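A.B. asks: Have a look at this one before I ask anything.
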Amino acid sequence: MIPPPGASPPRLLRIAVPSPLRRAFDYLPAEDPRAPALPLPGTRVRVPFGRGSRVGVVLEQVDHTDVPRQRLKPITSAIDETPILDTHTLSFLRWASDYFHHPVGEVVLGALPAALRAGKPLPASGETRWRLTPAGQRLDGERLRRAPRQAAVRELLAGQPGGVTRSELADLEGDWRGAVAKMAARGWVEAFEESVGVQKFAPDESLGVQKSWPAPNEEQQEAIDAVWGARGEFRSFVLDGVTGSGKTEVYLSVIARTVAEGRQAMVLIPEIGLTPQIVARLRERLSLPMAVLHSGLSDGERLRAWAAARDGSAAVVVGTRSAVFTPLARPGLFVIDEEHDGSFKQQDGFRYSARDLAIVRARQCGVPVLLGSATPSLESLNNIAGGRHEGLRLSRRAEGALVPTVEVLDLRGQPFEEGISQKLANAIEHCLGEGEQVLLFVNRRGYAPILICHACGWQADCARCDAHMVYHRASGRLRCHHCAAERGVPDACPECADPDLRALGLGTQRVVDALRERFPDARIDRVDRDSTRRKGALQGVLDAIHAGETNILVGTQMLAKGHHFPNVTLVGILDADGGLFGADFRAAERMAQLLVQVAGRAGRGQRPGRVLIQTHHPDHPLLRVLVREGYRHFGEAALSERRQAALPPFSCLALLRAEAPQRERAMAFLEDARARAQQFVDTHESVHVQALGPVPAPMERRAGRFRGQLLLQSDERAPLHGLLSPWLEELETLKSGRRVRWSLDVDPQEML
Ligand code: ADP
Ligand code: ZN
Ligand code: ZN
């Protein structure tokens, strides 16, 4: 077809296609002349890619491309009639891809359930409606002066925030289809599916007074009023309240109001397997359709939950970190429970922080976001201090339960057996005598972290990692916790043939064994990744605790999250020292959060709780502040240390990691990367970024590969991000990078 003179060239489609390349791909429209108008942003399309074909998502329609004309290919077909991702969600996904420098195709397609990623149709749920996008709302009416039909569409939609159907549009004079298509292409209007289910939670007075809602106390009421007062605008709140102070009640209350207005609430939680309580409480209070999204779902379940969030039939969307990417028809509120929790950070592949993204998303949606924690992250505390978040406080336990007393047990020179000092043993004995429950916290699973030859000092190390093999006595195996390596325990030392091999250090299994010997009549249960692998195993242990059958519960940090153990009156922390001297600059923060969270499990019922912390360093300054003055003061002290060391949140980091079978290869790539970064800094005066390293990773060898890292540090975000894009483009072309596995971690949470 020869275009008429003066006509603009056919528009092009910029498409997110899953690929490791950090860019989108431009295509021509489909060649089929019967094909409808250009697919809109958010629509899935099938495209030729390499020698095959892939499913992509249209990001935008563009007029210009850097790709030579003869190399442009047409898309094969559009899969969806109307966009599967709305403009809000799409621009949020693009933002996330830009910020974390992860390929946009992987980010956008990764946000879709597997069936949709594979090009299967979206299960039909309701009627297509049209509404104005934010850009359409801002549009100056003057611009449509010469397009009366578009102006009429705009006028109709402006009065209908809930959108209008095709048949309502058909009441307009003339070619409304053409007008709507043009406006959609410019990003002024968009289509969405309105589900029939929405009516289920239309404004309803009976909501919020269902079942038994405890009357909020004064502080809770203040928090509820503050967040509810921010409805319809972006404001971020941190709800800082000790465990049991009623934070969840505050969430429930604001969620109930949000959904009563017909808006959706998204609740992000650290680990669904460990927090069925919040789902149960939501269900008990609000008899509303809910979508629960987590890694344990089948593909079909995930698709249904995703579709229900997207079409608005789910009033509340609860999920773990990846749920933050789920489209919402009418977002009204974001809640992040236990916002300090490390599991909101994805540590491989697309390395993102779901907490930080939820805040960004709330801003884009223009709705409030509520971060809750008994131990807010130092970032959040600093944001409160800087006025970026509004701090809300719950200072007391809701049911009047007493805050536990915390004591530090100095282990130096004390009798000490299998990790338990005499004082702790006495306290356990006392508790058991009173019929109360004890919770003991150990930071390693297995029996003992080290197996050593008493004759020559040989240690069982992993052949592929710089790590000891952990001795698991129950199975009689040695396991590496960093790679999948596993082997049997030798009968004698492989070096000197001496049979005297000894287990050093403490794991949960060993503590349980020792306790069973000491308290033969007590029922002792264990909670760690080994004991809870079997489906339902964790629930079994939790049920036994709640039924009062368990006397002593030994567990790892899995226990620190979200559980109520009302009859636990004693919490023992066997070894606080690991966290005080960790290799990572966040080690002390994590340790403090863990101590406070574990301590929060005690005495939530009618009896007061007691927390005993064993340490060889009772005078450690941060531990002292924490125990004597509480988490808030600890936070201040730790923040001032961070400020002095110019560490986050007082600087921004990006970590380039590289690994290869040969050390030299990984390091050579990182050296090249450093040189390129330095070059960039030298030629751009405004860019104050320091490249530190490269250095070997704290655990240099893992699963047989050598690992190194290069740290980029900057006082401000903008210059760092200004460097990252061009730098990564260069890295992708580096010869030294070809046989190296490398990745970039923006705002890394762990330096290991
Ligand atoms: P958090 O989320 O801070 O750990 P929860 O919201 O789970 O605290 O509250 C702890 C316990 O106190 C729950 O059993 C809850 O039902 C109860 N509770 C919370 N707020 C109140 C209140 N205002 N009146 C009575 N009980 C309350
Ligand atoms: Zn030996
Ligand atoms: Zn290993």
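The values are calculated or read from the model by the stated rules, or taken from the named source; none is laboratory data. Every value quoted in this text rests on a predicted model; they were computed, and no experiment measured them. As a convention, Cβ positions derive from the backbone with ideal geometry for all residues, glycine included, and neighbour counts pool all protein chains shown. Accessible surface areas use protein heavy atoms only, side chains included; no ligands, DNA or RNA. Shrake-Rupley method; radii C 1.70, N 1.55, O 1.52, S 1.80 Å.
A.B. asks: Looking for something out of contact with any Pro (no Cβ under 8 Å at 6 or more places or on another chain), of a type in the set (Phe, Trp, Tyr) and over 22 Å from Ala544 (Cβ atoms) - is there at least one such residue anywhere in region 439-449?
C.D. replies: So far as region 439-449 goes, yes, one or more of its residues are out of contact with any Pro (no Cβ under 8 Å at 6 or more places or on another chain), of a type in the set (Phe, Trp, Tyr) and over 22 Å from Ala544 (Cβ atoms).
A.B. asks: Still on this structure, I have one more. Considering region 456-489 alone, what residues qualify as being surrounded by fewer than 16 Cβ atoms within 10 Å (Cβ to Cβ), within 16 Å of ligand 2 (Cβ to nearest atom) and touching a residue at least 12 places away in the same chain (Cβ under 8 Å)?
C.D. replies: Residue satisfying the conditions is Cys456 alone.
A.B. asks: Could you count how many residues in region 345-383 are over 24 Å from Ala329 (Cβ atoms) and not in a loop (DSSP other than H, G, I, E, B)?
C.D. replies: 10
A.B. asks: Right, something else. Looking only at region 657-672, count every residue that is in contact with a helix residue (DSSP H, G or I) (Cβ under 6 Å, 6 or more places away or on another chain) and open to solvent by less than 50 Å² (accessible area, probe 1.4 Å) and tell me the total.
C.D. replies: The total comes to 5.
A.B. asks: Among the residues of region 214-230, count how many are part of a helix (DSSP H, G or I) and in contact (Cβ under 8 Å) with a residue 12 or more places away in the chain.
C.D. replies: Residues in region 214-230 being part of a helix (DSSP H, G or I) and in contact (Cβ under 8 Å) with a residue 12 or more places away in the chain: 8 in total.
A.B. asks: In region 465-484, how many are out of contact with any Phe, Trp or Tyr (no Cβ under 6 Å at 6 or more places or on another chain) and away from ligand 3 (no atom under 16 Å from the Cβ)?
C.D. replies: 3
A.B. asks: Here's another thing I want to ask about it. Just name the residue that is modelled with the lowest pLDDT out of those in region 309-331 that are part of a helix (DSSP H, G or I) and open to solvent by less than 20 Å² (accessible area, probe 1.4 Å).
C.D. replies: Asp311
A.B. asks: Condition (residue is polar (S, T, N, Q), assigned to a helix (DSSP H, G or I) and more than 16 Å from ligand 1 (Cβ to nearest atom)) applied to region 515-531: is it met by at least one residue?
C.D. replies: No: region 515-531 contains no residue that is polar (S, T, N, Q), assigned to a helix (DSSP H, G or I) and more than 16 Å from ligand 1 (Cβ to nearest atom).
A.B. asks: Does Ala497 meet the test of being on the phi > 0 side of the Ramachandran plot, more than 16 Å from ligand 3 (Cβ to nearest atom) and open to solvent by 50 Å² or more (accessible area, probe 1.4 Å)?
C.D. replies: It is true that Ala497 is on the phi > 0 side of the Ramachandran plot, more than 16 Å from ligand 3 (Cβ to nearest atom) and open to solvent by 50 Å² or more (accessible area, probe 1.4 Å).
A.B. asks: Next question. Which one of Glu390, Glu417 is more than 30 Å from Pro520 (Cβ to Cβ), more than 16 Å from ligand 2 (Cβ to nearest atom) and touching a helix residue (DSSP H, G or I) at 6+ places or on another chain (Cβ under 8 Å)?
C.D. replies: Step by step, each of Glu390, Glu417 is checked, and only Glu390 is more than 30 Å from Pro520 (Cβ to Cβ), more than 16 Å from ligand 2 (Cβ to nearest atom) and touching a helix residue (DSSP H, G or I) at 6+ places or on another chain (Cβ under 8 Å).
A.B. asks: Separate question: Within region 282-292, can one find any residue that is open to solvent by less than 10 Å² (accessible area, probe 1.4 Å), more than 12 Å from ligand 1 (Cβ to nearest atom) and more than 29 Å from Val527 (Cβ to Cβ)?
C.D. replies: Looking for residues that are open to solvent by less than 10 Å² (accessible area, probe 1.4 Å), more than 12 Å from ligand 1 (Cβ to nearest atom) and more than 29 Å from Val527 (Cβ to Cβ), one finds at least one in region 282-292, hence yes.
A.B. asks: Look at Pro270 and say whether it is open to solvent by 20 Å² or more (accessible area, probe 1.4 Å), part of a loop (DSSP other than H, G, I, E, B) and within 14 Å of ligand 1 (Cβ to nearest atom).
C.D. replies: Answer is no for this residue.
A.B. asks: Separate question: Would you confirm whether or not region 705-719 contains a residue that is in a loop (DSSP other than H, G, I, E, B) and touching a residue at least 12 places away in the same chain (Cβ under 8 Å)?
C.D. replies: yes
A.B. asks: Specify which of the listed residues (Asp575, Asp513, Asp543, Asp584) is touching a Gly at 6+ places or on another chain (Cβ under 9 Å) and surrounded by fewer than 22 Cβ atoms within 10 Å (Cβ to Cβ).
C.D. replies: Going through Asp575, Asp513, Asp543, Asp584 in turn, the sole match is Asp575.
A.B. asks: Continuing with this model, one more query. Does Leu239 satisfy being within 11 Å of ligand 1 (Cβ to nearest atom), touching a residue at least 12 places away in the same chain (Cβ under 8 Å) and farther than 22 Å from Ile384 by Cβ?
C.D. replies: No.
A.B. asks: Is it true that some residue in region 604-614 is open to solvent by 10 Å² or more (accessible area, probe 1.4 Å), closer than 27 Å to Arg412 by Cβ and either without any contact (Cβ under 8 Å) to a residue 40 or more places away in the chain or not in a loop (DSSP other than H, G, I, E, B) (or both)?
C.D. replies: The answer is yes; a qualifying residue exists.
A.B. asks: Which members of region 433-464 meet the condition of being within 16 Å of ligand 3 (Cβ to nearest atom) and part of a strand (DSSP E or B)?
C.D. replies: Ile450, Leu451, Gln459, Asp461
A.B. asks: Also: Among the numbered criteria (1) within 23 Å of the chain's Cα centre (by Cα); (2) at pLDDT below 90, which one does Phe565 miss?
C.D. replies: Phe565 satisfies all of (1) within 23 Å of the chain's Cα centre (by Cα); (2) at pLDDT below 90 except (1).
A.B. asks: Suppose we keep only residues that are of a type in the set (Ser, Thr, Tyr) and in a helix (DSSP H, G or I) within region 723-745. Which one would you say is surrounded by the most Cβ atoms within 10 Å (Cβ to Cβ)?
C.D. replies: Applying the filter and picking the extreme gives Ser736.
A.B. asks: Kindly state which helices (runs of 4 or more DSSP H) lie completely within region 23-141 and contain at least 3 residues that are out of contact with any Asp or Glu (no Cβ under 6 Å at 6 or more places or on another chain) and open to solvent by less than 70 Å² (accessible area, probe 1.4 Å).
C.D. replies: Hits in region 23-141: 87-100, 104-110, 134-138.
A.B. asks: Right, here's the next one. Looking only at region 648-669, count how many residues are assigned to a helix (DSSP H, G or I) and either acidic (Asp, Glu) or within 30 Å of Ala638 (Cβ to Cβ) (or both).
C.D. replies: Counting residues in region 648-669 that are assigned to a helix (DSSP H, G or I) and either acidic (Asp, Glu) or within 30 Å of Ala638 (Cβ to Cβ) (or both) gives 1.
A.B. asks: Additional query: Looking at (1) under 30 Å from Arg23 (Cα atoms); (2) surrounded by 18 or more Cβ atoms within 10 Å (Cβ to Cβ), find the lone condition where Arg149 falls short.
C.D. replies: Here Arg149 meets the rest and fails (1).
A.B. asks: Turning to a different aspect of this structure: Please go through region 625-649 and pick out each residue that is closer than 20 Å to Val571 by Cα, without any contact (Cβ under 8 Å) to a residue 40 or more places away in the chain and not aliphatic (A, V, I, L, M).
C.D. replies: Arg628, Glu629, Gly630
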